[in-house]
Structures are given as structure tokens and as C-alpha cells.
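Taking it in order: structure first as C-alpha cells, then the write-up.
The values are calculated or read from the model by the stated rules, or taken from the named source; none is laboratory data. Keep in mind that this is a model prediction, so the values were computed, not measured. Quick reminder, even Gly has a Cβ in these numbers, built from the backbone with ideal geometry, and neighbours come from all protein chains shown. Remember, those area values only see protein heavy atoms, side chains included, never the ligands or the DNA or RNA. Shrake-Rupley method; radii C 1.70, N 1.55, O 1.52, S 1.80 Å.
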Amino acid sequence: MHPTWTEQWWPVSYLQDLDPKKPSRFTLLERDLVIWWDSAGESWRVFPDVCPHRLVPLSEGRLNAEGQLECPYHGWSFDGDGQCKTIPQAEEGTKSEGRRSRCASLPTASGQGLLFVWMGSPDAADLTSLPLVPVLEEQPESWTIQDTFRDLPMDAVTLLENVLDVSHVPFTHHKTVGKRENASPVLATITREDAHGFEAYWEEGPRRGTLGSQATQFMAPQLMWHDLTAKGFARILTVVYAVPIRRGECRLFARFPFQFQAAAPKLLIGLRPRWLQHIGNHKVLEDDQVFLHWQERVLERNGGSAASERAFFLPTRADVYVAALHRWINGNGGEPFAGQPLPPRQGTDVLMDRYHSHTVNCRSCATALRRIQAIRPWLWGGLWTSAALISWDGWLWPALSIAVLMAVLLKQTASWQKGLTVGDGQAPRNKMS
């Protein structure tokens, strides 16, 4: 793989979603990794997810009483530097530490609420080159940030195409975050373009200029953001990291920072639980997830990114973002999994999965789902108990009130439970009403 993709810091998780009591796994650029909290070193560690003994995944293991990462197969344990500290089966005089018994400990760093791992030569890891959004470093306490993530059934390049392209929002996201009647020419201009990415400026901005001008930056190879200031309301960013997992799959880290000009909006946003916000985010992502999964396979048949100028017809200035992205790709090492075919196209039921692509790895959503599943039997119990009490003298109206309340809560929790596990595949833009 070209150094463009490997010699990079990549985000692998929001810090708030990591559990310091147990290891977790992530796949990055086809490399299986285990993420764990090293209590002795007071830092997050990332190893290749394989024990040097019998090659089983360390992410299936645990953190033992010494705070070391313990293999689930034979109990070999490793410290934060990757040294093997314990081999329970070793005979007296056998040393556990050695070149062949150690794990590689990849460089890690954190910034702006994300954990990053360096995938290149360890000696080249530079903490000053973390891909962060510079404006969020200025008065960080003034920003209110909503975030989400999801594993998507598409290449990171396809995701970047999508999020850079501002002109699709009124149509694709009609009735979620856009309106068709707001569509207009996007007279955008590329103001800088080099090996590090590009910048663009759209003077009119979205919603026919009602929100103000919008600046866009692509920090190659993974990070982009749109930046606009809605007068009298807030400065608003849309930040996306597109992280390649393997061919045809990536993880989206999306962030929505607001710098409000009044206190009330900040307070209202803070009242909404993170897991409930994520349910809404899923709906927006699913607006275009199905057809992007199809689109990249058509582009592949037509020659991929290298043939994008010929495969696409890009006649308007609205397409300058996509054209600039593919110029950068083809001038800086090509696509990350060049030469590998995309996996077979998946059905809508698979594409709409929310549990495995998000909830299982999100502490907020996983906790909410457990609580919802725990309370629903009690709600059913309350419903049946109130039904039994209706025939008792003097209990008619109290029992009916309880029954109605239980029914409402059962319906709402069923909706939330579904929202945390699977989408319905019905884009709001296509509904008649």
C-alpha cells in the first residue's frame, strides 16, 4: 500500500466510547488491532490483534489483575510496551521476555476527543502532525460538539466523495436535513490545491444563501470539514474522518461543532441524550447509503478513480469538490486498496444494520439498549396488571390510566429499540406524504 495511506495518524475511536476495563478491536487498512488501557503507563495502547504464541486474537482476552493484556487461550500476558510478562506454562528458568514473545506496540495519541494510531514506521510518528481541525483548538470551551460514527459498506474514497459534495443535500436528504426547493447552482471555487489536499469556497452558501458563505477543506487523506457562520445563530462545522477498514468498508467519524451566539441553543442541545441523537444521525446516513454502495461498483467496472474523469460527467461548478478529490488521489498514490475487487453487493437488510455497525461499539447506545431491553418486561407486567385491576371496584380509572401509560411507553421503547438496531430502508424523500 502506498505511503500516502500508511504513513498517517488514523482515528480509531472516540475516547468516550472506549472501556478502560476491557480490550476492544478495530480493523484499519486490513490490519486487525486491539485497543486497551494500560493502567501502569496511564495511556491507551494499540497492538496487532494477535498473540505471538498461537496467533489467537488478544481482543478476546481480558485485562488481568496486574493491568496487563492477557491472552484468552493460554494466559500469556503483555505490558504496555508489548513485552510478555507471564507465561503460565513456562518451566523454571524460562524467560518470558524475548523478541519472539513480544507484541508490537503501535504509536498512539489523542486529540479533540479521538484516539489516533500511527500506521507507518514507528520512528516517523510525529505528534505535531495529528489530523485535527485547527479552529477547534481556538477557544475550545466555546464549542458544543455532537459526534457520531458508523461502519459503512463503502470505500473511504466513496464516503469522501459524498461528504465533500454539497450539492446533493437538498435532494438526497430531503425531509431529513435538506429541502428540494433549496437546490441552486453551487458556484464553488478551488482556492488551494496541492499534495496536502485542497480548499474551496462557496460564496452564496447553502439554502440559497440564507446561512452565509461556506468554506471547505480537505486534509488528505482522511479529513474534511465545511465551515459556515449563520448570522445571529452560530458558527457551524461539519467534520468527517473517512477511515479505511478494508476494501468496500470504512468507518465514518462525523462531528458537528457549534459555536453558538446565545446560551439557549447550547442548553437545548445539551439536554438531548447522545444515543437519541445517534438514532437521528442513522436516518440521515441511510438516506444515501444504499445507492452509494451500488455506485462505487459501477465506478469500479468503469476503471475506478483513475478513470473518474471519463466515467463521471461533471459539467457544473458544483462538481469541483469531487473532481479535486480524484485529482489528489491519482496524483498521490492512488486508492488505498488498489487492484482489490469490491466484495459482492449486499442486500438492503444488511445495509440497514445499526447494531453491528454502530451500537455494539458505542457506549452511549449500548447502555441505552440494555436499559430499554431491561425495562420492557416491567412495562408489559404493568400493562397486564392494570388490565387485571380494571374489574376491581374503584380501580377502573386508575387502572385505565396506568394501562394507557404502559402502552405508550411500550410503543416508544419499541421504536427506540428498533432505532438502535436496524433502519427501515425507507428514505423520507421518497415518501408520498
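Here is a yes/no grid of residues against (1) of a type in the set (Gly, Ala, Ser); (2) outside any helix (DSSP H, G or I); (3) touching a residue at least 24 places away in the same chain (Cβ under 8 Å):
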position: Ala264; (1), (2), (3): yes, no, no
position: His282; (1), (2), (3): no, no, yes
position: Leu285; (1), (2), (3): no, no, yes
position: Leu292; (1), (2), (3): no, no, yes
position: Gln295; (1), (2), (3): no, no, yes
position: Glu309; (1), (2), (3): no, no, no
position: Leu314; (1), (2), (3): no, yes, no
position: Val320; (1), (2), (3): no, no, yes
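The residue of segment 379-428 that is least open to solvent (accessible area, probe 1.4 Å), among those that are aromatic (Phe, Trp, Tyr) and within 44 Å of the chain's Cα centre (by Cα), is Trp416. Counting only residues that are in a loop (DSSP other than H, G, I, E, B), under 30 Å from Leu351 (Cβ atoms) and of a type outside the set (A, V, I, L, M), segment 384-433 holds 7 of them. On the stretch given as segment 68-85, residues that are surrounded by 17 or more Cβ atoms within 10 Å (Cβ to Cβ) and part of a loop (DSSP other than H, G, I, E, B) total 6. The lone criterion from (1) under 12 Å from Ala234 (Cβ atoms); (2) part of a helix (DSSP H, G or I) left unmet by Gln259 is number (2). Residues in segment 279-294 that are surrounded by 15 or more Cβ atoms within 10 Å (Cβ to Cβ) and under 13 Å from Leu351 (Cβ atoms): His282, Leu285, Glu286, Asp287, Asp288, Gln289, Val290, Leu292, His293. Annotation note: of Val56, Val46, the sole residue that is open to solvent by less than 40 Å² (accessible area, probe 1.4 Å), at pLDDT 95 or above and in a strand (DSSP E or B) is Val46.
The set of residues in segment 171-210 that are at positive phi, open to solvent by less than 60 Å² (accessible area, probe 1.4 Å) and not in a helix (DSSP H, G or I) comprises Gly197, Gly205.
Conditions tested, residue by residue: (1) over 26 Å from the mean Cα position of the chain (by Cα); (2) at pLDDT 95 or above; (3) open to solvent by less than 40 Å² (accessible area, probe 1.4 Å); (4) at negative phi.
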site: Ala324; (1), (2), (3), (4): no, yes, yes, yes
site: Gly331; (1), (2), (3), (4): yes, yes, no, yes
site: Ala338; (1), (2), (3), (4): no, no, no, yes
site: Pro343; (1), (2), (3), (4): no, yes, no, yes
site: Asp349; (1), (2), (3), (4): no, no, no, yes
site: Arg354; (1), (2), (3), (4): no, yes, yes, yes
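Inside segment 19-36, residues that are without any contact (Cβ under 8 Å) to a residue 40 or more places away in the chain and open to solvent by 70 Å² or more (accessible area, probe 1.4 Å) make up a count of 2. The residues listed here are Gly270, Gly303; of these, the one that is open to solvent by 40 Å² or more (accessible area, probe 1.4 Å) and either of a type in the set (A, V, I, L, M) or more than 26 Å from Arg370 (Cβ to Cβ) (or both) is Gly303. Going through (1) open to solvent by 30 Å² or more (accessible area, probe 1.4 Å); (2) of a type outside the set (A, V, I, L, M); (3) in contact with a strand residue (DSSP E or B) (Cβ under 8 Å, 6 or more places away or on another chain); (4) closer than 27 Å to Arg429 by Cβ one by one, Phe312 falls short only on (3).
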